[in-house]
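Have a look at the structure below before the remarks.
The values are calculated or read from the model by the stated rules, or taken from the named source; none is laboratory data. Since the model is a prediction, treat every value here as computed from it, not as a measurement. Using ideal geometry, Cβ is built from the backbone for each residue, glycine included, and neighbour counts are taken over all protein chains shown.
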Amino acid sequence: MGIIDPVLSEDIVLDEAAFDQAIREFSELAGQLSELRAEIEQMLTTLLAGFDTPAGRKFISSCEKNLFEPLDAQKLVLDHISETLAASRQAYESVFREYEALQAQINSASF
C-alpha cells in the first residue's frame, strides 16, 4: 500500500466560466467566418460584373473553389468544437455540482 500525502500540493480547478467562454468564443468564430464568406462572395459577385468573359468566369470559379472550400471546412471544424464543448459541458454538469458540494464539505470540515 502506498503512502498518502495528507497535504495537497495543488488545487483542482474546475472553471465553469472558462468552459462557457470557450463555447461562446468558438461559436462567435464560426459566425465571423460565415460573415467573412458572405463578404468574399459579394466581392466576387461584384468582380464578376467586370470580368464577364470566359476567362473571367473561370478566374472567379477558381477563386470560389480556392477560397470557399477551406472556409467551409474551417467552419465545420469550429462548429464541431463548439458543439462538442457544449455537449461536454452538459455531460459534466453533475461533476461540477458534485465538486462544488465536495469543496463546500471540505471547507466546512474541521481538521
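Kindly establish whether Ile106 is part of a helix (DSSP H, G or I) and touching a residue at least 40 places away in the same chain (Cβ under 8 Å). It is false that Ile106 is part of a helix (DSSP H, G or I) and touching a residue at least 40 places away in the same chain (Cβ under 8 Å).
Within the range 65-75, the set of residues being without any contact (Cβ under 8 Å) to a residue 40 or more places away in the chain and in contact with a helix residue (DSSP H, G or I) (Cβ under 6 Å, 6 or more places away or on another chain) comprises Leu67, Leu71.
Scanning the range 77-111 for residues that are loosely packed, with under 11 Cβ neighbours inside 10 Å and of a type in the set (A, V, I, L, M, F, W, C) yields a count of 7. Here Met1 meets each of (1) surrounded by fewer than 11 Cβ atoms within 10 Å (Cβ to Cβ); (2) at pLDDT 85 or above with one exception, condition (2). Under the condition of being closer than 19 Å to Glu25 by Cβ and part of a helix (DSSP H, G or I), the residues counted in the range 60-101 number 18. Being closer than 30 Å to Ile106 by Cβ, aromatic (Phe, Trp, Tyr) and either part of a helix (DSSP H, G or I) or modelled with pLDDT under 90 (or both) holds for only one residue in Phe26, Phe19, and it is Phe19.
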